[in-house]
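Notes follow once the structure below has been shown.
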Amino acid sequence: MKFFIKKENEKKREYDALVIGAGPAGLTAAIYIARGRFSVLVFEKVIPGGLAATTHLIENYPGFPEGVEGEELGRLMEKQARNLGVKFAMEEVVDVELEGEKKRVKTREGEYEGKAIVIATGSSHKKLGVPGEDKFTGKGVSYCATCDAPFYKDKKIAVVGCGNSGMQEGLYLLRFVRSIDFIEYFPYIPADRILQERVKKHENVKFHLNHQVL
């Protein structure tokens, strides 16, 4: 499955609207603006779809009775935007200037102007803030099951958090790992019941409620 993340081969640097972030919010804004026949440029430093694109299966998004893979949903959103003439710059924004009639967005590759700027930078992974977390990121600490699950094949692992995200990531990881210990700060499992039921069907999972990683 591929995203259309080619770099725009054109010199245009001025648009009606500049959208920072190609997650669901940013792409929705871009689509609405483009439908008004305004020129739009969307900035994204990773892949279209935002954090949703890293989710294995999304079941609470209307229009997909069987659920949809996050990567596929992001690809469809991007395709819809492109069909309306939205342009993409796969560049990281480093500065914005909001004063004056013309707004400016600066990236490491150049500078762009627009009459309006939409900031839809979305969310980022919530870190635990514990010793060693940053040091071992990518070396045993991961924030994306669909990205890194194969690295943990046949291993015993822990998933911190029993909310919907933790349960969904855990379900995907169970395809690869030997067992999972779920660690939850609250004395109960916050995830939707349907996700709890699916995870609990597996015999190789344990729940440690009212626990905190230090």
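Bear in mind that the values in this text are calculations on the coordinates, not laboratory data. Bear in mind the structure is a predicted one, so any value in this text is a computation, not a measurement. For neighbour counting, all protein chains shown are included, and Cβ atoms are generated from backbone atoms with ideal geometry for every residue, glycine included.
In the chain, what % of DSSP beta bridges are antiparallel (nearest 5)? Don't jump to the answer; show the numbers that get you there.
Working: 9 of 32 bridges.
Taking every DSSP beta bridge within the chain, about 30 percent pair in antiparallel fashion.
Using only the alpha carbons, work out the radius of gyration and Dmax of the chain in angstrom.
Radius of gyration, then largest Cα-Cα span, for the chain: 20.1, 61 Å.
Given a Förster distance of 22 Å, report the FRET efficiency between Phe38 and Ser123 from their Cβ-Cβ distance, rounded to the nearest 0.05.
With a Förster radius of 22 Å, E is 0.25.
I'd like the isolated cysteines in the chain, meaning no second cysteine's beta-carbon lies under 4.7 angstrom from theirs.
Singleton cysteines: Cys162.
Once the Cα gyration tensor of the range 38-85 is diagonalised, what are the square roots of 5 times its eigenvalues, in whole Å and ordered largest first, as equivalent ellipsoid semi-axes?
Three semi-axes, in Å: 22, 13, 7.
Let me see the pair-distance distribution of the range 145-208: every alpha carbon pair, 5 Å bin width, integer percents in order.
4, 20, 34, 26, 12, 4, 0
Could you tell me the distance between the Cα centroids of the range 80-118 and the range 161-214, to the nearest Å?
Value for the Cα centre distance between the two parts: 40 Å.
For the range 7-123, just run the numbers: alpha carbon Rg, then divide by 2.2 N^0.38 Å, N being how many residues it has.
Cα-based Rg divided by the globular estimate yields 1.07.
I want the local charge near Gly163. Using Cβ-Cβ distances under 12 Å, sum +1 for each Lys or Arg and -1 for each Asp or Glu among the other residues.
Local net charge: -2.
How would you rank Arg82, Arg193, going from fewest to most other Cβ atoms within 10 Å of each one's own Cβ?
Values: Arg82 16, Arg193 8.
Going from least to most buried by this count: Arg193, Arg82.
Listed here are the pairs Lys139/Lys201; Lys79/Lys127; Lys79/Lys102; Lys135/Lys156; which of them are more than 26 Å apart at the Cα? Provide the component values of the computation, followed by the final result.
Values: Lys139/Lys201 29 Å; Lys79/Lys127 32 Å; Lys79/Lys102 28 Å; Lys135/Lys156 20 Å.
Pairs exceeding 26 Å: Lys139/Lys201; Lys79/Lys127; Lys79/Lys102.
Lysines near Lys45 by alpha-carbon distance under 17 Å, same-chain residues fewer than 8 away left out - which ones?
In chain and number order, the partners are Lys2, Lys6, Lys7, Lys87, Lys106.
In deg cm²/dmol, rounded to 500, what helix-only [θ] at 222 nm does the chain give when every DSSP H run of at least 4 residues adds -39500 (n - 2.57) and the total is split over its residues?
-6500 deg cm²/dmol
Find out how many positive minus negative residues lie around Lys126, taking Lys and Arg as positive, Asp and Glu as negative, among other residues whose Cβ is under 15 Å from that of Lys126. Write out the running numbers ahead of the final one.
Details: positive: Lys127; negative: Glu133, Asp134, Glu169, Glu184.
Charge balance near Lys126 sits at -3.
Compute the relative contact order of the range 47-86 as a whole-number percentage, counting only Cα pairs closer than 8 Å that sit 6 or more residues apart in sequence.
Reported relative contact order: 42 percent.
Could you name the aspartates and glutamates in cross-link range of Lys115, using Cα to Cα under 15 Å and dropping any fewer than eight places away on the same chain?
Once the sequence-local aspartates and glutamates are set aside, what remains near Lys115 is Glu14, Asp16, Glu97, Glu99, Glu101.
How high is the FRET efficiency from Lys135 to Arg13, r the C-beta distance, R0 41 Å, rounded to 0.05?
Once rounded, the FRET efficiency stands at 0.50.
By how many nm would the segment from Lys201 to Asp181 grow when fully extended, if each residue of separation counts as 0.36 nm and the alpha-carbon distance is taken off?
Full-extension gain reported as 5.8 nm.
In degrees from 0 to 90, rounded to the nearest 10, what is the angle of the helix 24-35 Cα long axis to the longest principal axis of the chain?
Taking Cα atoms only, the helix is inclined about 30 degrees.
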